[in-house]
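Below you'll find the structure, written out as structure tokens, and then a few comments.
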Amino acid sequence: MKAIIVDQPGGADVLTLRDVPAPAFNDRQVLVEVAYCGCNWADTQIRAGTYPHRVGFPVILGFEVSGVVREVGDRVSRFSPGDRVCAIVDGGGYSEQIAIDEDRLIAVPDDVDLDVAAAFPIQALTAYHMLHTIFGVAPGDTVLCHAVGGGVGLYVTQLAVAAGARVLGTVGTPGKETLALQYGAERVVNTKAEDFVAAAHEFTQGRGIDLTIDSLGANTLDRSFSVMRNLGHVISIGEAEGEPFLNIRERILPKSLSFTRFHLLHVDLNGPAWTEGVAAVMQAVTSGQVQVPIVHRFPLREAADMHRLLEGRSVAGKLLLSARD
């Protein structure tokens, strides 16, 4: 089979298409013929050598896939050859086939296309669990979402609005506010031209934000603490601008704030919260309550172009890698 291999960290040119052996799978796994793989910022971090977790090279990137089950292990009970599935995986998605643990698989309804199925698992479920499992969003809450025009931000916007919350977003690139506003954000601040701290105080009439979601880190995360209400909650999910400052304790004490550095797979895959999240997100997608904005689909051989486009920070929505082209 063909796969995209990264032998050593570097720029987009290190993404190399090669023939590799088909993956072996154990008795609790299924072999999936990949249709699409979602592109995430973590992919670019691993490729560049800046991912916050240890990575061994060579590596096949890709954390979310959709496709069709081809073979199943002897102890697999819920899936059969021919089933349409999607999954969050520990890498390996930039390939034509992948072995996946049965408990990672999500059944894809017939009315959901496989490109859509690869475009929402990580980002939509991350948004859902931040809003509902960690925070418990309620009608009337105010949510500040940095990078609101990105993949997670657009899902945060839609799911927060569906829960009755008000959304204030930030973007760093003109034009990336368009979809967020269409999806229900009340206001989006271009941080190159306006101070989000002042905008947040105005947005809440001085009361302070209930929940801030930040994927940028560095100065943006540090300044976000100043816009919170007493007992508010700050959730960090990335460091696109740089590592957070080492002052979290002193920033949360003055207002008794809560702080979470969230990783989606810390939610128990066999627990009720995970099951409820999958059901809620799938229902929201199939009903049209949540839109899945796919910007472009790249064939495997153009994975480098996909990374360059994502790193250009102009994308408002999802990029996919197609294993079928």
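The values are calculated or read from the model by the stated rules, or taken from the named source; none is laboratory data. It should be emphasised that the depicted structure is a prediction, and the values quoted were computed from it without experimental measurement. Note: ideal-geometry Cβ built from the backbone for every residue, glycine included; neighbour counts use all protein chains shown. Remember, those area values only see protein heavy atoms, side chains included, never the ligands or the DNA or RNA. Shrake-Rupley method; radii C 1.70, N 1.55, O 1.52, S 1.80 Å.
Data table
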| read-out | value |
| --- | --- |
| Over the chain: helical MRE at 222 nm, DSSP H runs n ≥ 4 each giving -39500 (n - 2.57), nearest 500 | -7000 deg cm²/dmol |
| Degrees, to the nearest 10: 151-162 long Cα axis against longest axis of the chain | 60 |
| Among ALA87, CYS39, THR16 - extreme Cα towards positive end, dipole of segment 1-121, charges at beta-carbon | THR16 |
| With at most 16 other Cβ atoms within 10 Å, longest stretch of the chain clear of loop trypsin sites (Lys or Arg not before Pro) (DSSP) | 79-191 |
| Of all accessible heavy-atom area on segment 96-166, the percent that carbon and sulfur account for (1.4 Å) | 46 |
| Loop chymotrypsin sites (Phe, Trp or Tyr not before Pro), segment 167-234 (other Cβ atoms within 10 Å of the site Cβ: 10 or fewer; DSSP) | none |
| Relative contact order, percent, the chain [alpha-carbon distance under 8 Å, six or more residues apart] | 17 |
| Estimated dipole of the chain in Debye, rounded to 20 [Cβ of Lys and Arg +1, of Asp and Glu -1, Cα centre] | 620 |
| Calculated FRET efficiency for the pair SER80/ARG313, C-beta based, R₀ 41 Å, to 0.05 | 0.45 |
| Alpha-carbon centroids, segment 254-271 and segment 197-227: separation in whole Å | 19 |
| Rough spin-label spacing in nm, given labels placed 7 Å along Cα→Cβ, for ALA24 and SER287 | 4.6 |
| Listed residue (ALA199, GLN158, LEU309) projecting farthest to the positive dipole end of the chain, Cβ model | ALA199 |
| Antiparallel %, DSSP beta bridges [both residues in the chain], to 5 | 55 |
| FRET efficiency, 1/(1 + (r/R0)^6) with R0 56 Å, evaluated for VAL68 and ARG229 via beta carbons | 0.70 |
| Accessible-area composition of segment 280-321, carbon plus sulfur, in percent [1.4 Å probe] | 45 |
| Listed residue (ALA48, ALA99, VAL167) projecting farthest to the positive dipole end of the chain, Cβ model | VAL167 |
| Whole-number accessible area per residue in Å² for the chain, which is evaluated in the context of all protein chains at 1.4 Å | 43 |
| Peptides 30-37, 19-26, 109-116 ordered by average Cβ neighbours within 10 Å, highest first | 30-37, 109-116, 19-26 |
| Spin-label pair ALA162/LEU265, simplified geometry with 7 Å Cα→Cβ offset, distance in nm | 2.5 |
| Potential lengthening between ASP305 and LYS255 on full extension [0.36 nm per residue; Cα-Cα distance subtracted] | 13.5 nm |
| Relative contact order (percent, whole number), segment 154-229, Cα cutoff 8 Å, 6+ residue spacing | 23 |
| Mean Cα-pair separation over length for segment 1-121, i.e. relative contact order, pairs under 8 Å, 6 or more apart, % | 31 |
| Spin-label pair GLU194/ARG54, simplified geometry with 7 Å Cα→Cβ offset, distance in nm | 4.6 |
